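Visitor: Handing you this structure, nothing more for now.
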């Protein structure tokens with residue numbers, strides 16, 4: 001099971017650092033580096049869901065702008081919204 005968690009974490013690190021825009025690479029890469037090892041299984045799944053959202057909506061959400069989707073009120077989204085890069 002530890003191997004599975006480590007593989008999931010490696011996938012999360014990769015997805016957060018190779019987004020498509022340098023701004024989101026740096027923002028999500030820093031966010032993931034700070035919180036990844038503090039998260040439980042449920043929160044890791046929430047982080048995976050966050051990483052599946054396109055860069056434009058994530059950028060707008062982070063900056064308090066309008067988004068095309070509704071973001072859930074959960075720990076990961078709140079941590080991301082309040083993250084200071």
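Visitor: Say whether the condition of being at pLDDT below 95, within 19 Å of residue 81 (Cα to Cα) and surrounded by fewer than 15 Cβ atoms within 10 Å (Cβ to Cβ) is met by at least one residue in region 2-19.
Guide: Within region 2-19 (the criterion being at pLDDT below 95, within 19 Å of residue 81 (Cα to Cα) and surrounded by fewer than 15 Cβ atoms within 10 Å (Cβ to Cβ)), the answer is no, since none of the residues qualifies.
Visitor: Here are 66, 77: which of them is in a loop (DSSP other than H, G, I, E, B), touching a helix residue (DSSP H, G or I) at 6+ places or on another chain (Cβ under 7 Å) and at pLDDT 95 or above? It would help to see each step written out before you state the result.
Guide: Values: 77 fails: in a loop (DSSP other than H, G, I, E, B).
Being in a loop (DSSP other than H, G, I, E, B), touching a helix residue (DSSP H, G or I) at 6+ places or on another chain (Cβ under 7 Å) and at pLDDT 95 or above holds for just one of 66, 77, which is 66.
Visitor: To continue, here is another question. Hey, does region 31-41 have a residue that's surrounded by 12 or more Cβ atoms within 10 Å (Cβ to Cβ), modelled with pLDDT of 95 or more and not in a helix (DSSP H, G or I)? Working first, answer last.
Guide: First pass over region 31-41, keeping only residues surrounded by 12 or more Cβ atoms within 10 Å (Cβ to Cβ): 31-36, 39.
Okay, now just the ones that are also modelled with pLDDT of 95 or more, so 31-36, 39.
Subsequent filtering for residues that are not in a helix (DSSP H, G or I) retains 39.
So far as region 31-41 goes, yes, one or more of its residues are surrounded by 12 or more Cβ atoms within 10 Å (Cβ to Cβ), modelled with pLDDT of 95 or more and not in a helix (DSSP H, G or I).
The values are calculated or read from the model by the stated rules, or taken from the named source; none is laboratory data. In this text, all values refer to a predicted model and were calculated from it rather than measured experimentally. All Cβ positions, even for glycine, are placed from backbone atoms using ideal geometry, and neighbour counts span all protein chains on display.
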